[in-house]
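See structure below.
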Amino acid sequence: MSTSTPAAAPESLLAAPDQASQRQISDEIAAIHARTPADAARTLHDFAPYRSSVLRHPTKNPRLVDPETIELYSPAFGQRDVAAIESDLTIQHAGEPLGERITVRGRLLDSWGKPIANQLIEVWQANSAGRYIHQRDQHPAPLDPHFTGAGRVITDEAGRYLFTTIKPGPYPWRNHVNAWRPAHIHFSVFGNGFTQRLVTQMYFPSDPLLPLDPIINTIPRQKDRERLIGAYAHDLSVPEISMGYEWDIVVDGPDATWFETEEH
Amino acid sequence: MNETARERLEPTPGQTVGPFYAFGLEYPHQHEVAFPHSPGAILLGGRVLDGAGEPIPDAVIEIFGADGDGSIPRARGAFRRDGHTFTGFGRAFTSDEGHYEFWTREPGSHEGRAPFFAVVVFARGLPDKLHTRIYVPGYEQLQQADPLLAALEAEERATLIATRTPEGHLQHDLRLQGEKETVFLEF
């Protein structure tokens, strides 16, 4: 490809010209997991079964540095930044969205177990038919006029958050033949320090697509993958209204308070 | 780790931002950390490139930077810009040509250190975030004393220092892979 031609639109890049079978992809995943050392990163950047990562992962190891000044702080958010209504994805339009209404609740913690208050969590997801409202999503499933699929919340003084939404459907993509993403909600999270910035995805328990999915399997260890799966919480289900899921988020990395409270 | 350390919780692993982040992450004036053309406001921009040197049209770049006097912004309101409060935080999506751009203030030196923007990169096809820094050019002495820059080869160091344009703005490309690959960081 010549560098003078305009960049290809993302949707065309989603289709690999020589698509592998699920069996090939699953074999590649198993081989990489088997040879990954125990002290490897929690998420592998170099993970060819996720085809679009091939030209986008750094080839050199990251430099280990002491974070400085600005990196030890996080942008400050507050109620001014987010309206309370933004945490309920089912009331953003005139009518009720289709699908299984759910609430997702949890706590935002640092790795010492301390709650992170007044920080921003953003979510986005497909609708119950597995369709994103994004204009480049070409999946021929219906859009829901009553569902956008984006929300925000500021954690409370105990680090808690709660979203009301509908359960997203599985989403087809073109990484390989018959590739389906397990149902997932994208999460974007700010911690106490910019070092703790996290973008991840929450999955649902007992989803048969999880072992087949190259994206969750960029995480080589089963225990780490399980940390992305929300737990069904019957106590959180509301009779005749909604199903409840619980999912705590733990951010990692030094921040300004870390240096004040711990010796190194 | 010291003996009194409490039990550490295992962190939640990161995942790719995917292709369809725009409707979830976009907010008004997200790349206008400073009000455009206001006193002291500069453009910080460049391209995000893959291992074949092709532009990446679906990357998200976030910056967090000190104010012109080196102070760390603690003001709220990065998501509801009022046109004058400086929060230091901005978010930009790359264009179809792989270009990102911010209006922001040039960070000043904090406690005698070489000033830089803290940067996080997300993209479709990038399984987890990448951290890097964009240093402000023109602080040779401070940069020679900077622990990170001092430990790098000249070619690596060049991937972390922005270029001043004739108009006084800052230009800086991010290369995720290959020749002149940006130095990424782990803390």
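Of the candidates B:T163, B:T159, the single residue that is of a type outside the set (G, A, S), more than 13 Å from chain A (Cβ to nearest Cβ), open to solvent by 10 Å² or more (accessible area, probe 1.4 Å) and touching a residue at least 24 places away in the same chain (Cβ under 8 Å) is B:T163.
Here's the yes/no breakdown for (1) part of a strand (DSSP E or B); (2) at negative phi; (3) crowded, with 22+ Cβ neighbours inside 10 Å:
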{"position": "A:R42", "(1), (2), (3)": "no, yes, no"}
{"position": "A:R56", "(1), (2), (3)": "no, yes, yes"}
{"position": "A:N61", "(1), (2), (3)": "no, yes, no"}
{"position": "A:G95", "(1), (2), (3)": "no, yes, no"}
{"position": "A:N118", "(1), (2), (3)": "no, no, no"}
{"position": "A:E122", "(1), (2), (3)": "yes, yes, no"}
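Counting only residues that are assigned to a loop (DSSP other than H, G, I, E, B), in contact with a strand residue (DSSP E or B) (Cβ under 8 Å, 6 or more places away or on another chain) and more than 9 Å from chain A (Cβ to nearest Cβ), the stretch B:116-144 holds 3 of them.
Scanning the stretch B:83-93 for residues that are facing another protein chain (nearest Cβ under 9 Å) and assigned to a loop (DSSP other than H, G, I, E, B) turns up B:T87, B:G88.
Residues in the stretch A:202-214 that are among the aliphatic types (A, V, I, L, M) and open to solvent by 10 Å² or more (accessible area, probe 1.4 Å): A:L209, A:L210, A:L212.
Residues B:R91, B:R47, B:R105: which one is buried (at least 17 other Cβ atoms within 10 Å of the Cβ), farther than 27 Å from A:Q135 by Cβ and of a type in the set (K, R)? Break it down stepwise before answering.
Details: B:R91 fails: farther than 27 Å from A:Q135 by Cβ; B:R47 fails: farther than 27 Å from A:Q135 by Cβ.
None of the others qualify; the one that does is B:R105.
Taken as a whole, the structure places B:G40 among residues that are on the phi > 0 side of the Ramachandran plot and within 20 Å of the chain's Cα centre (by Cα). Against the conditions (1) part of a helix (DSSP H, G or I); (2) more than 9 Å from chain B (Cβ to nearest Cβ); (3) open to solvent by 10 Å² or more (accessible area, probe 1.4 Å), A:R225 satisfies every one except (2).
Being in contact with a Pro (Cβ under 6 Å, 6 or more places away or on another chain), outside any loop (DSSP other than H, G, I, E, B) and at the interface with another protein chain (Cβ under 9 Å from one of its Cβ atoms) is a condition met by no residue of the stretch B:33-50.
The one condition from (1) of a type in the set (F, W, Y); (2) within 17 Å of the chain's Cα centre (by Cα); (3) surrounded by fewer than 23 Cβ atoms within 10 Å (Cβ to Cβ) that A:F190 does not meet is (3).
Evaluate the following for B:R105: is it of a type in the set (K, R) and without any contact (Cβ under 8 Å) to a residue 24 or more places away in the chain?
no
Only residues that are out of contact with any Lys or Arg (no Cβ under 8 Å at 6 or more places or on another chain), farther than 13 Å from A:E226 by Cβ and not polar (S, T, N, Q) were counted across the stretch A:199-213, and they come to 2. In the stretch A:172-196, how many residues are more than 9 Å from chain B (Cβ to nearest Cβ), closer than 13 Å to B:T16 by Cα and without any contact (Cβ under 8 Å) to a residue 60 or more places away in the chain? Of the residues in the stretch A:172-196, 0 are more than 9 Å from chain B (Cβ to nearest Cβ), closer than 13 Å to B:T16 by Cα and without any contact (Cβ under 8 Å) to a residue 60 or more places away in the chain.
A:R174 falls short on exactly one of the conditions (1) modelled with pLDDT under 95; (2) within 13 Å of the chain's Cα centre (by Cα); (3) among the basic types (K, R), and that condition is (2).
Would you point out which residue out of B:P55, B:P19 is within 10 Å of chain A (Cβ to nearest Cβ), farther than 23 Å from A:V82 by Cβ, open to solvent by 10 Å² or more (accessible area, probe 1.4 Å) and within 18 Å of the chain's Cα centre (by Cα)? It would help to see each step written out before you state the result.
Numbers: B:P19 fails: within 18 Å of the chain's Cα centre (by Cα).
B:P55 is the lone residue from the list that is within 10 Å of chain A (Cβ to nearest Cβ), farther than 23 Å from A:V82 by Cβ, open to solvent by 10 Å² or more (accessible area, probe 1.4 Å) and within 18 Å of the chain's Cα centre (by Cα).
Scanning the stretch A:63-82 for residues that are more than 7 Å from chain B (Cβ to nearest Cβ) and either at pLDDT below 90 or not in a loop (DSSP other than H, G, I, E, B) (or both) turns up A:L72, A:Q79.
Residues considered: A:G149, A:G159, A:G106. Of these, the only one that is open to solvent by less than 20 Å² (accessible area, probe 1.4 Å), modelled with pLDDT of 95 or more and under 30 Å from A:P49 (Cα atoms) is A:G149. Evaluation of A:Y132 against the conditions (1) hydroxyl-bearing (S, T, Y); (2) at pLDDT 95 or above; (3) assigned to a loop (DSSP other than H, G, I, E, B) shows that the sole unmet condition is (2).
Quick one: A:V199 ticks every box in (1) open to solvent by less than 20 Å² (accessible area, probe 1.4 Å); (2) more than 14 Å from chain B (Cβ to nearest Cβ) except a single one, so which number is it? Among (1) open to solvent by less than 20 Å² (accessible area, probe 1.4 Å); (2) more than 14 Å from chain B (Cβ to nearest Cβ), the lone unmet condition for A:V199 is (2).
In the stretch B:100-111, what residues are at pLDDT 95 or above and at the interface with chain A (Cβ under 10 Å from one of its Cβ atoms)? Step through it out loud before you land on a result.
First pass over the stretch B:100-111, keeping only residues at pLDDT 95 or above: B:100-109.
Selection gives B:P107, B:S109.
The values are calculated or read from the model by the stated rules, or taken from the named source; none is laboratory data. Because the structure is predicted, anything quoted here is derived from the model rather than measured. As a convention, Cβ positions derive from the backbone with ideal geometry for all residues, glycine included, and neighbour counts pool all protein chains shown. Surface accessibility is based on the protein's heavy atoms, side chains included, excluding ligands, DNA and RNA. Shrake-Rupley method; radii C 1.70, N 1.55, O 1.52, S 1.80 Å.
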